[in-house]
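Notes for the one structure printed next.
The values are calculated or read from the model by the stated rules, or taken from the named source; none is laboratory data. For clarity, every value in this text was computed on a predicted model and none was experimentally measured. Counting neighbours? That spans all protein chains shown, and the Cβs are built from the backbone with ideal geometry, glycine included. Accessible surface areas use protein heavy atoms only, side chains included; no ligands, DNA or RNA. Shrake-Rupley method; radii C 1.70, N 1.55, O 1.52, S 1.80 Å.
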Amino acid sequence: MAKPRALILTGYGINCDYETTHACDTVGFKAYRLHLNDVLVKPEGLFDYRLVVFPGGFSYGDDLGSGVAYSSKIRFSRSENGGRLYETFMEYVERDGLVLGICNGFQILVRLGILPAIENSYGEQQVTLAPNREGYFINRWVELVTQQDNPSIFTRGLGRIRLPVRHGEGRLLVPDEELLQGLEQNRHVCIRYCDREGKPTQSFPQNPNGSQNAIAGICDPTGRVFGLMPHPEAAMTLYHFPDWTGMRERANRCGEELPTKGDGHAIFRNAFEYAS
Amino acid sequence: MVRYSRIEISIKPDREDPSGHHTAWEIESTLGYRVQGVRTVTVYTVYSDLSDEQIGTFASEVLCDPVLSMYSVDSPVGLKLPPFSWAAEVSFKLGVTDNVGHTATEVLSMMTGEENGSRVYKSTQYLIDAALEREQVERIGEEILYNSLIEEIDILGFDEYRAHGGFPVRERHYIEDYSPQTEEIDLRVPDETLKSISDERTLALTLDEMKYFRSYYERDDVIEARIRVGLGALPTDVELEAFAQTQSEHCKHKIFNATIAYREGGKRETVRSLFKTYIRGATEKIAERKNFLVSVFEDNAGVIEFNDRYNLAFKVETHNSPSALDPYGGSITGIVGCDRDPAGTGLGSRLIAHTDVLCFGDPTMEGELPPRMMHPKRVMEGVVKGIEDGGNKCGIPTINGAVIFNDSYRGKPLVFCGSVGIMPRSIRGAPSHVKEARPGDIIVMTGGRIGKDGIHGATFSSEEISESSPVQAVQIGDPITQKKMLDMIVEARDRLLYRAITDNGAGGLSSSVGEMAQLAGGAYLELEKAPLKYPGLDPWEILLSEAQERMTLAVPPDNLDDFLELARRRDVLALPMGKFTDTGYFHVTCEGRTVCYLELSFLHSSIPMTLDARWDPPKLAENAPSTGKPLEHVFMEMISDLNTCSREPIIRRYDHEVGGNAVLKPLIGADEAGPSDGGVIAPVAGSYRGFALAAGINPFYSEIDTYHMAANVVDEAIRNAVSVGADPDRIALLDNFCWPDPVYDHAKTPDGRHKLAQLVRAVRGCHDTAVAYGTPFISGKDSMKNDYKIGEHKVSVLPTILVSAIGIVPDIRMCVTSDFKCPGDSLYLLGLTRRELGQSLFYRMYGGTSGSVPKVHRDANLKLYRVYHELVRQGLLASGHDLSEGGLAVALMESCIGGGLGAAADLSTLLGESGLSVEEALFSESAGRFVVSLDPKNEKRFFSIVGELPVVKVGTVTGDSTLEVREGEKSLASLAVEEITRCFRESLYRLLGMEKG
């Protein structure tokens, strides 16, 4: 059987495209890096793929706020035959397509209103990813706990995981209590920042940006569109962990099990299994 | 109708404003004013003929985040915010790069579906709630909110703000329909006038160089040739400027290539070119026995072999002068500018790692600041932010670095930016490190537009900071324009669409086209084809502009259409601007008229320089310090010292894992609290081969003898790379010299001969050490005018060398980190500890003096490094840490911090064998040492490999979270690791006003 194809978008300052492509290849996809402008030429090309990834990066330098300019490009641009990429993209989602937005990609999906789309309000920006509460960019490994029974196909079978965050604008804010309830009750929340005991937390630095309800990643109502601030593609192997030399040493001495994969692997693997 | 509209966006009143919050902290901590609060407003001034409705849509649908923010159009949003007493609005001066405004303009044209000539400018408003006088608010502006070289400020009290309806529109007018002017310059004038022409134009040419230039125009053949192309006998301003740029210290390295008469005691020697004799000389000697060098000292970056499929290109640049005037702009252009070097080496490489080493003045400095000097803390904040934006936005991980604080850097900070690129060894069969430009190839410039920014950067950085430092030398980087361009270039490279590439850095087109013209034998450049940011530039300005984010390529005519089409598809500006020729001339025209016609051989000729150097070693008394404190306090003070403490708040703001290839990052251990000796990248997916980046820097030893300073920094860079797992036999080095002006001048630089002697000695130290280790220099840079002089106030940097090491790690799975791993592990000190504490951290902190600086025992160290690598290869080391500043004491503390474990250190054997005092043993900074821990089960194998080399057991790792230092039964110090960790982490966080967590 032919491998399912994954499309990794790039261009305009997306910068995690190489490792995201590699991550997709690693779990079994046939992955393609494509510049947004090459997709714009023929948006129907999207239907050739089972997974579309909006990788991390600094599209347009976060100049008007993270993801604002890139999402405007998707929203306003027309292809050479006059069609809007945005509409083709929504059709792709409806036709059982998978979409993953990581960090800047998550910010883009939120600005486009593809996430969270509470009560199917696709196209309307319902939440935001604001500047971190501490006010600056942060690179740090965080612990995350998966919300059980969430519909995202990407987080199936996941429990506690460790991934790195690397962002200046990752603070998930919801405008009011009603939407927050909608987000929670309709099970949009997939992963949360947690403390050593696995409890969601508002404390810095375990919750590195001050997100409401410690939310780190959310999905749309179908569970096929998933966005998160942490970087699963940067946690694919043992050697991505910040303390892997210590893990290796302890495994050598006392037979502690040494993982060969990082915790991000399962997220891509889940997408592959759904797609194939 | 074309008009201005103001869109103001603020965070909603019930939401926090982190940026305003930080500004309030800065005001309080810097100036001591009490502030109730600060809120920030982003202002977009739109110049367009769009309808009110369209402007409204732009504000509500694009610029305003519906969850977080609120907006107003043509009315002050501040009136909807909590009360404030003062409002300050900061805007860029006309012509200064405004990235946000630029993106807003682009998005506006996406929204309207066409480019309609609209322009958007960004300003930032600070609404300050504090009981202050206007003068105090003006001071806040000057010291915190804006930089008068690039920005303007308006200040309104609340009543004025309300009465006037906020701030007025700041109109921006460019000169339209400018016709470029070229002037002739008559150099047939007396010597004094000749020199003043150089000074007034910031040419940085000496009288001799001016006369040499003039002599060209006295040749009959030159005059005849000039007349044939329509020029007169007098030089044009374009020619004079191009000559000055080409001959500048920055581009030509005249001091490094000078003939030097060196005197030491009664001895006299002549050195012909420090660079050729000692730096390239070292590499030539080593190259005979090392086969991994691909391209050294030829191109924009040094190139070494990584494996049989890939090469690595590495370059480290400095951007000191611009960072002194505008720390943010200076450092961001430093890092993105350095990136263009590996990216423009050979056929171009893709960037995969950054390293940044920064030297600042004392950030706790108090008192009045002299003119044009910024407070070191403000310099640090700006520089750190610039590198953050440059690295993070381009998606390049910063995997290594260092920060040094010393009062001598308050006049000019040192900003070393390093960048590594990877390139396939061959591209469609063509060796990737070879570039050529053939006659007939098209000159294509790509990337950003040209403005007046950065004019005279090359010549300005060849002088000290003074009152006449040109403000245009200051500029701001645009990382995204560069990222788009470099992404496109990698695509073009893989299709072999061009034959040569180089960056536009110092000297702009004059430098890039001038240098590439040498490959082809000439160039014909048409300046009117240059894409300008705004009208009003004269030809010499277009040629010399150092506007950022530009590369120049030689594109074969047959590939031109494909290249331009690719650039168009990637939204990257690319324009043909003439062609390479074999005429032997650098021929520049503007609108069909020749404005510059210089023989290439003349333009690039060298004017020999002869300089005097005289070495009188400093006479230093031998005084060991007496701390009068318990050893515990000394340990804590050392680990909290700004030169030792954790760089975590800076490191965490630099993305150090983007790219997915970083396998050793700057913070290590389970809590990411420990410092790493070097960074390691495994750049090829599916392969475990990697490379390490490490640095050596210690300007303090220059106070005693720069020969040993240099030897120590070479040793330190190598030691750090070896420490994490690099093969000592596959390490290459880069040298970056940052010196105070070493040219004697009886008024300006009376100690020039001494400083030049320091340079000679340093270069020899680099040479001798590199040759002994077999570690070749592959590239480097020297910056020779790191002084500040206004009036009687002169500040010169300590003679400083950064040595950067890039070393192959054969198998990254075997890498070793400095954190202790398991209680019960045995602790050993490898290498000899000696009584040589002059300028050690301990002596500096507690007032000791000594003329004895650590000496590098090259042969013994190399043996040890090979043995250490064998221990790594066999997986025998649980941890390994190099000893440098603060010696054994600091190294033990750092390994405890990284591992979250304690140690029981017993110094009795070390003291017995070395005959040193406790303080000497703990704080000596002797080179060539590591502290390692290992599983006691492995001790036998460990000793069989170590053999006769110096090794002494210094204790065991413990699980009780205490660092216990003993001499036999006698306890010398006992410290809680948690407390050491707190001290280590806290200092810099507190200084920067950041939450540690």
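Summary table below
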read-out	value
Filter result (more than 12 Å from every other protein chain (Cβ to nearest Cβ), part of a loop (DSSP other than H, G, I, E, B) and either open to solvent by less than 10 Å² (accessible area, probe 1.4 Å) or in contact (Cβ under 8 Å) with a residue 40 or more places away in the chain (or both)) within the stretch A:138-169	A:147, A:150, A:151, A:152, A:156, A:157, A:158
Residue check, residue B:974 within 35 Å of the chain's Cα centre (by Cα), away from chain A (no Cβ under 14 Å) and among the small types (Gly, Ala, Ser)	no
Wholly within the stretch B:195-269, helices (runs of 4 or more DSSP H) carrying at least 2 residues that are under 21 Å from residue B:542 (Cβ atoms) and not hydrophobic (A, V, I, L, M, F, W, C)	B:237-247
Condition check for residue A:105: at pLDDT 95 or above and not in a loop (DSSP other than H, G, I, E, B)	yes
Any hit, the stretch A:240-249, residues being of a type in the set (S, T, N, Q), surrounded by fewer than 23 Cβ atoms within 10 Å (Cβ to Cβ) and at pLDDT 95 or above	no
Cβ pairs under 8 Å, 6+ apart, first in the stretch A:1-28 and within 12 Å of chain B (Cβ to nearest Cβ) and touching a residue at least 60 places away in the same chain (Cβ under 8 Å), second acidic (Asp, Glu) and crowded, with 24+ Cβ neighbours inside 10 Å	A:16/A:233; A:19/A:233; A:20/A:233; A:22/A:233; A:23/A:233
Residue B:57 more than 24 Å from residue A:132 (Cβ to Cβ) and in a loop (DSSP other than H, G, I, E, B)	no
Test: residue in the stretch A:229-237 that is touching a residue at least 12 places away in the same chain (Cβ under 8 Å), of a type in the set (Gly, Ala, Ser) and away from chain B (no Cβ under 12 Å)	no
Residue in the stretch A:206-222 that is of a type in the set (A, V, I, L, M, F, W, C) and within 12 Å of chain B (Cβ to nearest Cβ) present	no
Tally, over the stretch B:158-206, of residues that are loosely packed, with under 13 Cβ neighbours inside 10 Å, at pLDDT below 90 and at positive phi	1
Qualifying positions in the stretch B:139-173 - farther than 19 Å from residue B:78 by Cβ, charged (D, E, K, R) and without any contact (Cβ under 8 Å) to a residue 24 or more places away in the chain	B:142
Top-ranked residue of the stretch B:47-102 - restricted to ones that are β-branched (Val, Ile, Thr) and within 13 Å of another protein chain (Cβ to nearest Cβ), ranked as most open to solvent (accessible area, probe 1.4 Å)	B:57
Pairs where the first residue, in the stretch A:78-104, is farther than 17 Å from residue A:223 by Cβ and the second is surrounded by fewer than 18 Cβ atoms within 10 Å (Cβ to Cβ) and not basic (Lys, Arg), C-beta under 7 Å, 6+ apart	A:79/A:41; A:80/A:41; A:85/A:79; A:88/A:44
Pairs with Cβ under 8 Å, 6+ apart, first in the stretch B:325-342 and closer than 21 Å to residue B:500 by Cβ, second surrounded by 24 or more Cβ atoms within 10 Å (Cβ to Cβ) and aromatic (Phe, Trp, Tyr)	B:342/B:314
Residues that are touching a residue at least 40 places away in the same chain (Cβ under 8 Å), among the hydroxyl-bearing types (Ser, Thr, Tyr) and at the interface with chain B (Cβ under 7 Å from one of its Cβ atoms), drawn from the stretch A:108-137	A:128
Residue B:100 vs. criteria in a strand (DSSP E or B) and either in contact with an Asp or Glu (Cβ under 7 Å, 6 or more places away or on another chain) or among the hydroxyl-bearing types (Ser, Thr, Tyr) (or both)	no
When residues of the stretch B:821-848 are limited to those that are within 32 Å of the chain's Cα centre (by Cα) and outside any helix (DSSP H, G or I), the one nearest to the other protein chains (Cβ to nearest Cβ)	B:840
Among (1) modelled with pLDDT under 95; (2) open to solvent by 40 Å² or more (accessible area, probe 1.4 Å); (3) within 22 Å of residue B:156 (Cβ to Cβ), the one test that residue B:26 misses	(2)
Residue match in the stretch B:118-135 (condition: in contact with a Phe, Trp or Tyr (Cβ under 7 Å, 6 or more places away or on another chain), within 14 Å of chain A (Cβ to nearest Cβ), crowded, with 22+ Cβ neighbours inside 10 Å and aliphatic (A, V, I, L, M))	yes
Residue, most open to solvent (accessible area, probe 1.4 Å), within the stretch B:764-795, restricted to residues that are small (Gly, Ala, Ser) and out of contact with any Gly (no Cβ under 7 Å at 6 or more places or on another chain)	B:791
Hey, residue B:802 in a loop (DSSP other than H, G, I, E, B) and under 20 Å from the mean Cα position of the chain (by Cα) or not	no
Residue match in the stretch B:609-618 (condition: open to solvent by 10 Å² or more (accessible area, probe 1.4 Å), touching a helix residue (DSSP H, G or I) at 6+ places or on another chain (Cβ under 8 Å), more than 30 Å from residue B:852 (Cα to Cα) and within 14 Å of chain A (Cβ to nearest Cβ))	no
So residue A:186, is it on the phi > 0 side of the Ramachandran plot, more than 13 Å from the chain's Cα centre (by Cα), open to solvent by 10 Å² or more (accessible area, probe 1.4 Å) and more than 9 Å from chain B (Cβ to nearest Cβ)	no
Filter result (among the small types (Gly, Ala, Ser) and not in a loop (DSSP other than H, G, I, E, B)) within the stretch B:151-194	B:157, B:163
Wholly enclosed strands (runs of 3 or more DSSP E) of the stretch B:625-701 bearing at least 3 residues of a type outside the set (A, V, I, L, M) and crowded, with 24+ Cβ neighbours inside 10 Å	B:690-696
